[in-house]
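Colleague: One structure is given below, represented as structure tokens, and several questions about it will come after.
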Amino acid sequence: MRRGNRIWSWIVMIIGILYFFLPLLATFIFSLKAKLGVLSFQAYANVFHDPAFVYNFSYSVLWAISTIVVGILLFVPTAYLIRLRVPKLRSAVEFITLLPFVIPAIVFVFGLVRTFSHPPLLIVNSPALLIAGYTVLSMPYMYRSIDTGLRSIDVRTLTEAAQSLGAGWGSILFDIILPNIRVAILSGAFLSFAIVIGEYILAQYLAKPAFAPYMAYQIQQKAYEPAAMAIISFALTWAAMGIIALVGRGNGQAQVGGGH
Amino acid sequence: MTHLTLSNICKQFAGTTAVEDFNLEVEKGEFVSFLGPSGCGKTTTLRMIAGFEVPTTGKVTIDDTDITYQAPNQRNVGMVFQAYALFPNMTVAQNIGYGLRIRKESKTAIKERVTEMLALIHLEKKGNSYPHQLSGGQQQRVALARALAIRPQVLLLDEPLSALDAKIRVSLRAEIRAIQKKLGITAIYVTHDQEEALSISDRIVVMYEGRIEQVGTPFEIYNFPQTAFVASFVGTLNTAPAEVVDPAKHLLKIDGVQLESAEMLEDKHAGDKVTIAIRPERFNFIAQERKANILDCQIENITFLGSVVRIQLLIGSNRFYMDTFNNPFLELPKIGDKAQITCSREAVLVLKA
């Protein structure tokens, strides 16, 4: 019976892996067929030599970094203060952080355009609106990562210990809280990075240069280069995940208390 | 000279009174323990001294300076927590020096003070270790050094030994007391462990349901409990309902047996109902002729507790305990035997209602 269960587990796992990897493998092989009759990295070379790729991708990286910075500045103090001062609000805030999963991006972007396209909030053309939008979209990942990090440390006692030593709020946040949730912040940051790099609707409808709209345009124009870009995009995401895993493994966050 | 004063302190949380009319004066260099069961208000009172809670009414002063509404980081009060609360991202040396770094002391001064503190807690070689590399006892010593490094006016310790095993608890409490005496620092220590409080303190404040039950030296608290709660909470105590027979002669009666007490009973009248208390170790088997405090009893059970033997007795309808030193050459009565025991008149305490 147990042996039968194990075989079924393997079968299900293999089907899952094939379901995920076969299209990726097919895309990768397809991306190598830019030159007739041989497998080559020509499509990749074409992508990297295209100034439009560099231009759009650079902007996406800029939006991603800005989103991460804004996210950290906004969500770390919020999650910290909610945990410390108003823990009753946690479930309500958790619900709010999940709204980007519920509200379709297209509804969200039209909401942004309608709200911010006339005075006194005429900022529809400003990159700030795009970054604000990305911050909202990455909120489920960023906020929850930070909240999970805060859960792994005894926030209240560490705060009180720092206060009793004379530390103010700034010192507590920068000296004690941030370093102890570094892995959680990194994890949220890389997930946000992946979200922003692959996001299409916001950049398209707010008319800002970005990688995803560029890739969508290329799909209509070329055959092999979009496949190469899809693989590049996957590679970047995986590299980000790898860095999270690497940093996470090298920095086991010490528990407060315990021991003997 | 009074160093720390708590005057008429009350603290309420959403209509529930956590601390009620708390008054205490602590001398400089004194070691005072707050002792009581969970929820008695001892930690809340400590947190009001630290500034983590603001009293609903009342005043906290240190050296005549009112600090009642001062933020915790503005007070010069060191605190040691039950959960150690060492900063996991900092080394032992960085933890100890953190308060001085916040005070913007020079690097040389911080280094000197950290070295001094490490020597004080005998962890000279652990300066570069991280908290998770230390045992619980070592972590708590670092927490103590960190609290002392800032030269606080008052040191607060919130059940600092609760998370440690019994053997380390005993050695560390002696170390804490030795360091406190050496530095002459005023310390307030919160504990629910009576043995800890009795062994370490200059004075003990016994608390129950937010109120002070009794303040006194460990000797006074143990030997002369003033209330039924203190009597029951500190040590083992036999209590029984009694009736005043003759207040002038200090005579009482339990289950028809007359007892003489040394307590003043002027405010009592013959026939008044009172509660008497006798420590188990104050009883003896009658070895010679006595005229007073002779109690007929039956042995119900005998328990060996190492150096002490605890004998359970039935005196009338009251169940009492008697402690006697474990002497292998002394013949003890057997279970079911009838015997006579006695105690001095000073051992018979009359508790306040």
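Colleague: For the pair residue B:167 and residue B:332, what calculated FRET efficiency results from E = 1/(1 + (r/R0)^6), where r is the Cβ-Cβ distance and R0 = 30 Å, to the nearest 0.05?
Modeller: For residue B:332 and residue B:167, the calculated efficiency is 0.50.
Colleague: If you don't mind, there's one more thing I want to ask. Figure the gain on full extension for residue B:106 and residue B:195 (residue separation times 0.36 nm, minus the Cα-Cα span) and round it to one decimal in nm. Before the final figure, lay out the partial values.
Modeller: On the way: separation 89, 0.36 × 89 = 32.04 nm, distance 4.22 nm.
Residue separation times 0.36 nm, minus the Cα-Cα distance, leaves 27.8 nm.
Colleague: Excluding the sites themselves, what is the longest stretch of chain B that contains no chymotrypsin sites (Phe, Trp or Tyr not before Pro) in a DSSP loop with at most 12 other C-beta atoms within 10 Å? Intermediate results must be reported in sequence, preceding the final value.
Modeller: On the way: sites that count: B:69, B:329.
Looking at chain B, B:70-328 is the longest stretch - no exposed chymotrypsin sites (Phe, Trp or Tyr not before Pro) with at most 12 other Cβ atoms within 10 Å.
Colleague: Ok, one more. Report Rg (one decimal) and Dmax (nearest whole number) for chain B, counting Cα atoms only, units Å.
Modeller: Just the Cα atoms of chain B yield Rg and Dmax of 24.6, 76 Å.
Colleague: Would you grab the residues whose amide H sits under 5 Å from the one on residue B:154? Only those 5+ places off in sequence or on another chain, please, with H modelled 1.01 Å from N.
Modeller: Distant-sequence amide H within range of residue B:154: B:78.
Colleague: Using the basic label-point model (7 angstrom from Cα toward the beta carbon), what is the residue A:235 to residue A:200 distance in nanometres?
Modeller: 2.2
Colleague: Once you put a point 7 Å from the Cα of residue B:249 and another 7 Å from the Cα of residue B:264, both along the Cβ direction, what distance in nm separates them?
Modeller: 2.2
Colleague: Any idea what % of Cα-Cα pairs in segment A:47-248 are farther than 21 Å? List each step's numbers first, then the result.
Modeller: Details: 11873 of 20301 pairs.
Distances greater than 21 Å cover 58 percent of the Cα pairs.
Colleague: I've got another one for you. Over segment A:83-149, consider all pairs of different Cα atoms and compute the Kirkwood hydrodynamic radius from their mean reciprocal separation; express it in Å, one decimal.
Modeller: Working: mean 1/r = 0.0746 Å⁻¹.
After inverting the mean inverse Cα-Cα distance, the result is 13.4 Å.
Colleague: I've got another one for you. With r as the distance between the Cβ atoms of residue A:169 and residue B:183 and R0 = 35 Å, compute the FRET efficiency 1/(1 + (r/R0)^6) and round to 0.05. List each step's numbers first, then the result.
Modeller: Numbers: r = 30 Å, r/R0 = 0.87.
Computed FRET efficiency for residue B:183 and residue A:169: 0.70.
Colleague: Right, next: Taking θ as phi - 60°, what are the ³J(HN,Hα) couplings along segment B:117-123 by the Karplus curve (6.51, -1.76, 1.60), each to the nearest whole Hz, with x for Gly and Pro?
Modeller: 5, 4, 5, 4, 9, 6, 10
Colleague: Follow-up. So the label point goes 7 Å from the Cα of residue B:296 along Cα→C-beta, right? Which residues of segment B:248-284 then have their backbone N under 16 Å from it?
Modeller: Label zone hits: B:254-259.
Colleague: A follow-up question, please. Taking H as built 1.01 Å from N, whose amide H comes closer than 5 Å to the amide H of residue B:300, not counting residues under 5 places away?
Modeller: B:312, B:313, B:314, B:336
Colleague: For the protein assembly as shown, give the magnitude of the charge dipole about the Cα centre (Cβ charges: +1 Lys/Arg, -1 Asp/Glu; no others), in debye to the nearest 20.
Modeller: Values: 56 positive and 48 negative charges, 530 e Å.
Dipole size: approximately 2540 debye.
Colleague: Beyond 24 Å, how much of the Cα-Cα pair distribution for segment A:131-223 remains, as a whole percent? Display every interim value, and only then the final one.
Modeller: Working: 1845 of 4278 pairs.
Percent of Cα pairs beyond 24 Å in segment A:131-223: 43.
Colleague: Rg and Dmax in Å for the protein assembly as shown, alpha carbons only: what are they?
Modeller: According to the Cα coordinates of the protein assembly as shown, Rg and Dmax are 35.6, 122 Å.
Colleague: Please identify which residues in segment A:147-165 have an amide N closer than 18 Å to a label point set 7 Å out from the Cα of residue A:89, following the Cα→Cβ vector.
Modeller: Answer for segment A:147-165: A:147-148, A:150-151, A:155-156.
Colleague: Now a separate question. Note the full-extension length gain between residue B:308 and residue B:286 as 0.36 nm times their separation in residues minus their Cα-Cα distance, in nm to one decimal. Please list the in-between numbers first.
Modeller: Details: separation 22, 0.36 × 22 = 7.92 nm, distance 1.85 nm.
So the chain would gain 6.1 nm between residue B:308 and residue B:286.
Colleague: Filter B:167/B:334; B:126/B:167; B:125/B:182 down to the pairs with a C-alpha to C-alpha distance above 26 Å, please. Intermediate values should be presented prior to the final figure.
Modeller: Numbers: B:167/B:334 34 Å; B:126/B:167 22 Å; B:125/B:182 22 Å.
Violating the 26 Å limit, Cα to Cα: B:167/B:334.
Colleague: Take A:118, B:269 and sort them by solvent-accessible surface of the protein heavy atoms, 1.4 Å probe, largest at the top. Mind showing how you got there, number by number?
Modeller: Values: A:118 100, B:269 120 Å².
Order by accessible area, largest first: B:269, A:118.
Colleague: Still on this structure: What are the residues whose amide H is under 5 Å from the amide H of residue B:275, where those residues sit 5 or more places off or on another chain and H is modelled from the backbone?
Modeller: Answer set, sorted by chain and number: B:242, B:351.
Colleague: Using alpha carbon coordinates only, what is the Rg to Rh ratio of segment A:42-84, with Rh defined as the Kirkwood radius?
Modeller: Numbers: Rg = 17.4 Å, Rh = 12.7 Å.
My calculation puts Rg/Rh at 1.37.
Colleague: Between residue B:17 and residue A:115, what FRET efficiency comes out of the Förster formula 1/(1 + (r/R0)^6) with R0 = 51 Å and r the beta carbon distance, rounded to 0.05? Spell out each step's value before the answer.
Modeller: On the way: r = 50 Å, r/R0 = 0.98.
Computed FRET efficiency for residue A:115 and residue B:17 comes out at 0.55.
Colleague: Kindly flag which residue pairs out of B:253/B:338; B:249/B:291; B:11/B:352 have an alpha-carbon separation exceeding 23 Å in this structure. Mind dumping the intermediate values first?
Modeller: Working: B:253/B:338 20 Å; B:249/B:291 14 Å; B:11/B:352 26 Å.
Going by Cα-Cα distance, B:11/B:352 fall outside the 23 Å limit.
Colleague: Another question, if that's okay. So what's the projected area for segment B:49-171, the Cα convex hull averaged over all directions, in nm²?
Modeller: On the way: hull surface 34.2 nm².
Directional mean of the projected Cα hull area for segment B:49-171 stands at 8.5 nm².
Colleague: Along the Cα→Cβ direction, 7 angstrom out, place labels at residue B:125 and residue A:128. What is the inter-label distance in nm?
Modeller: Going from the residue B:125 label point to the residue A:128 one covers 5.9 nm.
Colleague: Report the gain in length on full extension from residue B:220 to residue B:74: 0.36 nm times residue separation, minus Cα-Cα distance, nm rounded to one decimal.
Modeller: Numbers: separation 146, 0.36 × 146 = 52.56 nm, distance 3.65 nm.
Contour length minus Cα-Cα distance gives 48.9 nm.
The values are calculated or read from the model by the stated rules, or taken from the named source; none is laboratory data. Not measured: the values here are computed from a predicted model. Cβ atoms come from the backbone with ideal geometry, glycine included; neighbour counts cover every protein chain shown. What goes into the accessible areas is simple: the full protein's heavy atoms, side chains included, and nothing from ligands, DNA or RNA. Shrake-Rupley method; radii C 1.70, N 1.55, O 1.52, S 1.80 Å.
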